[in-house]
Amino acid sequence: MQTWSLVSICVLLAIIARWGVSLNSYSGAGKPPMFGDYEAQRHWQEVTYNLPIQEWYFNTTNNDLNYWGLDYPPLTAYHSWICAYIAKTINPEWVELHKSRGYESTQHKLFMRMTVLVADLLIYIPAVVLYCLYLTDGSSKKKVSIMFCFLLYPGLILIDYGHFQYNGVSLGFALWGILALGLGWDVLGSMAFSLALNYKQMELYHALPFFCYLLGKCIKTGLIGRGLFLLVRIGVTVLATFALCWLPFLAEPSQAMQVVRRIFPVARGLFEDKVANTWCSLNTLIKIKSILSGDSQLYLSLACTLLAVLPSCIRLLTKPTFWHFKLALVNSSLAFFLFSFQVHEKSILLAALPACLLLNDLPLMALWFLQASTFSMLPLFLKDGLLVPYIVTSLGFLFFSIYLLSALDHCSEDKLRLGAYNKLFYWLPKMDLAFIVRWKFYISIAAMVGLSIATAVLIPPPHLPDLFPVLVSTTAFLHFLGTFIHFNVVQFSEPPSRKSQKKSN
Amino acid sequence: PEPSSAAGWASVIRRISLEVRFGAARSTDFEVHRNWLAITHSLPVSRWYYENTSEWTLDYPPLFAWFELGLSQVARRFDANMLQVENLNYASPATVLFQRLSVIVTDVVFIYAARECCRCVREPKGSRDVLSRPSFVLAVLLLWNFGLLVVDHIHFQYNGFLFGFLLLSVAKHLQSQHLQGALLFAFLLNLKHIYLYVAPAYGVYLLRSYCFAQDNKDGSVRWSSFSPLRLLALGAIVTSVCALSFGPFIAMGQLPQVLSRLFPFKRGLCHAYWAPNIWALYNVLDKSLAVLGVRLKLLEEAELPPASMTGGLVQEFEHSVLPSVTPAVTLVCTLLSILPAVASIWLRPHGAQGFLRCLLLCALGCFMFGWHVHEKAILIAILPLSILAVESREDAGIFLILTTTGHYSLFPLLFTPAELPIKVVLMLMFTIFSFTALRKLHSAQGSLLHPLEVIYLLGLVAVAIACEVVFPLSPWQQRLPFLPLLVTSVYCAMGVCYAFLRLYASLLLRREEKPKQL
């Protein structure tokens, strides 16, 4: 069948999956006084529509920053303003200043869900389609399968359409950036990534690989001459994009400083809820939070993050190919997630996006990690009442990716790039590593299923009320750590050029 | 075959996830079936067809009642409260879960039947890409049929289960296992009597092609080859199934009451939402003539009966200008419409394929001219037509028209804004797939659709946008709330009539060819 019809059917299926999830509950539904992320987004629409720009990030009588104050960069605020404008034409009650706090109704929920879907259709989904059609190898059927699995990734669907956020916009912009870099349009790529950064500051997780890749490329083309010219152009584009986004706030330095203070709140602790990163998991054994002071926590996490990120980025700097770029994206975002300060469980989505890019090259590892990332957010889904969508989307994703990508068939040592392990552990007796990996996969899936059922059904013993969230986050942490190590090994063991040099690098 | 089983698994997932995400207990059919579970479980058999505490009285044949009785035994373990007759509109989460699960589980029959149908399809020679093999295309057309998904899983009925029986019986006939086919149809008829629409096709076909074991060389009847044994076997099957189903009620002398429940002629010519059949066109003609007459001062406005026909109420009403239509008239029209088809397979049988065509024509004929037809009945014609569509180019063209129009006519069944994206996206998916797959299958023989037909189908898009988007925001919403329904059913009625005529043409003109043996 023609590719376009297959592509459109897959996109339509993805839309159905998203809309299906959106008919469920959202975060903070019916839970006054603070509600949840849904109410936060609605509140931002109210604030941006009714107040002048100068007051958006400041604590004034009209704008109480303690009730869901704006803490994302300006592009989010502009997006909220556009949504508010549309909301006002449909039903002004939705964005009335002060009076619309905690407003909940079926029509409003439909409207909010629609805004997410429209944003996805405009930004995220086209990026995925173009990436899979132009930057993956294989027959057209393989490309469509990859695209389908990419679009079905449950974590993003459940957070954006269930919990309610607009990650599709920032991740979409980042993906456009990656797409442009893959096609050799460096300036456009850097502009797209700057837009992503200006939408959500968490995209900084991806910033180092972008920087190292582009710098490495400039160095390679000669630091005197074309390379320098490219560097200058990229620098100018980035600065121009930032300036454009921050234009209203650049009139006074205090304005810009306040925005920065809101975006980077360093007054909080090492971690908040149960997150699947090192500090939270370490906390179960040694109570780090109480041993170290606030400042030393900051320095410790900074040091560890840098240590974890540097190897991969330096490797990318020396060998700036697209393949290394993709791997560096995963490694960098995982490093930040595992060791950084004040990480939220939703930040795993920043690592999941690059992992989806690797679905073609390393299907088993990628889908294993993606499944684990969805699993790690289970306590959040349970709190939002999204258990059933979680089960259905995870099972669907698992089934389709294993069947369509034949992930378990291409399980030879060579395909999994396990050669490096043989070299590293040469003193151990030779084992069938592929066999071991497959069995580890089965066991891990079984463990995730078991823990999911247990968390959903069983009641924890009274002296360990957080037993199941802790178990979930520790299991996920082990998975993430393993993935991090594996992808680092892969990045270091692979020869720099992949089999086809047709992608311009 | 491997790809079809994959399509099967994918469809199971799809159906389950549709059930799970969209299933809501607000459909009246949900309460209907809950009520029947309660009646069959809590009351003695003698009271089943007399019970009318709820307005949703038992109006399916007894075998379905026995089926509900069986289900109620399982229901007891979920939530015994749903089995109290007095608990009207009872919809606890356990009840919803049980009902939804029952639809999913009984769908297994449909999946099995689809598989059997795929096995009957001829595979052309030569290596083909998996996605364009006829059996795979048929599997997807059946399992992912938009109409069935919408009606069963979102609206709640057991149509998948029942259509499974119909398709299985058709498949058995295509495989020349006529006794099994007859048995399955007998079951089906006793489960839901709407399948009486296609009973003439079965009757005449079995009589002609099964009881008369051989034909003369020119295809006419060979009276000498009549086999009383076969006739006896058929009769035994039918009577035993009917006895199983109706037996207890005949013994109790309740047959008239049961029949009056099964065939309620007190309801009006058209359902609250007009099915896209001849009578919809008739109503519109009548209304427009009335309006025209008043404008041209040929009629007095006071003489006309009040505008109750388009008010959306189910009641008896009269036409103002054209003669009123009574149930007897519709019966006569229906019989007249299916007579040529039935006569054709008597005089010149074309084997099982001819039978299938006649079945389709009977279903469509009854849909077009029947009394109080439900728009869901169009599925009885669409599903078997899929089997013909993957094999012949002409049938594929008719299929595309009938399916697209028939499926669009189901849109008013889902009317909340939350369901708008779902129905649009599902419909788009199915339409894109059917068009591209069928075009690829029959690519060697030219295009499937005439340009005028393409224009008609594109007009559907315009109608859809007008009804779903433009109308609710326009000032007429208050004064003429039924207008979108009217436009939808009239526009679709034209497409359905056209498909009906083309199918007839393909049956009658096929006489010139050699009869195909399967």
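The values are calculated or read from the model by the stated rules, or taken from the named source; none is laboratory data. All figures in this text were calculated on a predicted structure; none of them were measured in a lab. Virtual Cβ from ideal backbone geometry, glycine too; neighbours counted across all protein chains shown. The area values use the complete protein model at the heavy-atom level, side chains included, leaving out ligands, DNA and RNA. Shrake-Rupley method; radii C 1.70, N 1.55, O 1.52, S 1.80 Å.
General remarks:
- Rounded FRET efficiency, nearest 0.05, which uses the C-beta distance separating A:MET114 from A:LYS88 and R0 of 25 Å: 0.95
- Average beta-carbon neighbours from other chains, 10 Å sphere, peptide A:389-396: 3
- Selected from B:PRO421, B:VAL291, B:SER474, residue furthest toward positive end of dipole (the protein assembly as shown; charges at beta carbon): B:PRO421
- Backbone HN-Hα couplings from phi across the stretch A:149-165 [Karplus 6.51/-1.76/1.60, Hz, Gly and Pro as x]: 5, 4, 5, 8, 3, x, x, 5, 4, 5, 6, 6, 9, x, 5, 5, 8
- The modelled label-to-label distance between A:LEU307 and B:HIS374, using points 7 Å beyond Cα along the C-beta direction, is 7.0 nm.
- Gain in span if fully extended, A:TRP81 to A:LEU464, counting 0.36 nm per residue against the direct Cα distance: 133.4 nm
- The stretch B:278-509 gives an Rg/Rh value of 1.00, both radii derived from C-alpha positions and Rh following Kirkwood.
- Rounded to the nearest 10 square angstrom, A:TYR299 shows an accessible area of 140 square angstrom against a 1.4 Å probe.
- Length-normalised contact order for chain B - Cα pairs under 8 Å, 6+ apart - percent: 17
- Cβ-derived FRET efficiency at R0 35 Å, A:ASP64 paired with A:ALA454, nearest 0.05: 0.30
- Computed Kirkwood radius, in angstrom, where 1/r is averaged over Cα pairs of the protein assembly as shown: 32.4
- 222 nm mean residue ellipticity, helices alone, for chain B (DSSP H n ≥ 4; -39,500 (n - 2.57); rounded to 500): -20000 deg cm²/dmol
- Percent accessible area from carbon and sulfur atoms, the protein assembly as shown, protein chains only, probe 1.4 Å: 68
- Interatomic Cα distance distribution for chain A, bins of 20 angstrom, percent: 22, 58, 20, 1
- Cα gyration tensor shape of the stretch A:288-393, rounded if a/c is under 1.5, else prolate or oblate by comparing a/b with b/c: oblate
- Inverse of mean 1/r across different Cα pairs in the stretch A:239-318, Kirkwood, Å: 15.9
- Each Cα pair under 8 Å and six or more residues apart adds its separation to the average, and for chain A the resulting relative contact order is 17 percent.
- Amide hydrogen neighbours beyond the local backbone of B:VAL373, cut-off 5 Å, H modeled: B:HIS271
- Each of A:VAL118, A:SER139, A:GLY294 was scored by the projection of its Cα onto the charge dipole of chain A, and the greatest displacement toward the positive side belongs to A:SER139; charges sit on the C-beta of Lys, Arg, Asp and Glu.
- For chain A, the per residue solvent-accessible surface stands at 41 Å², with DNA, RNA and ligands left out and a 1.4 Å probe.
- Annotation for the A:B interface, with buried accessible surface near 2300 Å², both sides summed [1.4 Å probe; non-protein components not counted].
- Model label points for A:PHE229 and B:VAL130, set 7 angstrom from Cα along the Cα-to-Cβ axis, are 5.0 nm apart.
- Longest segment of chain B lacking GluC sites (Glu not before Pro) that sit in a DSSP loop with at most 16 other Cβ atoms within 10 Å: B:87-299
- Per-residue mean of C-beta atoms belonging to partner chains within 10 Å, peptide A:32-38: 0
- Projecting the Cα positions of B:PRO323, A:LEU357, B:VAL490 onto the charge dipole of the protein assembly as shown (unit charges on Cβ atoms of Lys, Arg, Asp and Glu, taken about the Cα centre) puts A:LEU357 furthest along the positive direction.
- In percent, rounded to a whole number, the relative contact order of the stretch B:278-509 is 25, using alpha-carbon pairs under 8 Å and six or more apart.
- From the alpha carbon centroid of the stretch B:36-67 to that of the stretch A:181-197 is 67 Å.
- Take each residue in B:421-427, count the other chain C-beta atoms within 10 Å of its C-beta, and the mean is 4.
- Using bins of 10 Å that start at zero, the share of Cα-Cα pairs per bin across chain B amounts to 3, 17, 28, 28, 17, 6, 1, 0, in whole %.
- Excluding ligands, DNA and RNA, the accessible surface per residue across chain B is 42 Å² with a 1.4 Å probe.
- Cα Rg over Rh - the stretch B:23-102, Kirkwood: 0.92
- Cross-link pairs A:LYS88/A:LYS274; A:LYS141/A:LYS326; A:LYS99/A:LYS274 - those with Cα-Cα distance over 31 Å: A:LYS88/A:LYS274; A:LYS99/A:LYS274
- Computed extension length for B:LEU244-B:GLN477: 78.7 nm, one decimal, from 0.36 nm per residue of separation with the Cα-Cα distance subtracted.
- Two tests apply to each whole DSSP H helix in chain B, Cα reach of 15 Å or more along its axis and mean Kyte-Doolittle hydropathy of at least 0.5, and the ones passing both are B:93-120, B:159-174, B:178-191, B:228-251, B:278-295, B:327-347, B:351-369, B:378-389, B:420-441, B:451-465, B:483-508.
- Both the radius of gyration and Dmax for the stretch B:190-234 are 12.9, 40 Å, in that order, over alpha-carbon atoms.
- Residue pairs, from the table A:LYS143/A:LYS346; A:LYS31/A:LYS109; A:LYS109/A:LYS346, whose Cα atoms sit over 20 Å apart: A:LYS143/A:LYS346; A:LYS109/A:LYS346
- Alpha carbon centroid spacing (whole Å) that separates the stretch B:442-516 from the stretch A:74-113: 40
- Rounded to whole Hz, the Karplus (6.51, -1.76, 1.60) HN-Hα couplings of the stretch A:78-93, x for glycine and proline: 5, 4, 4, 4, 4, 4, 5, 4, 5, 4, 5, 5, 7, 7, x, 4
- Shown is the FRET efficiency for B:LEU298 and A:GLN107, computed with R0 = 51 Å from the Cβ-Cβ distance and rounded to the nearest 0.05: 0.60.
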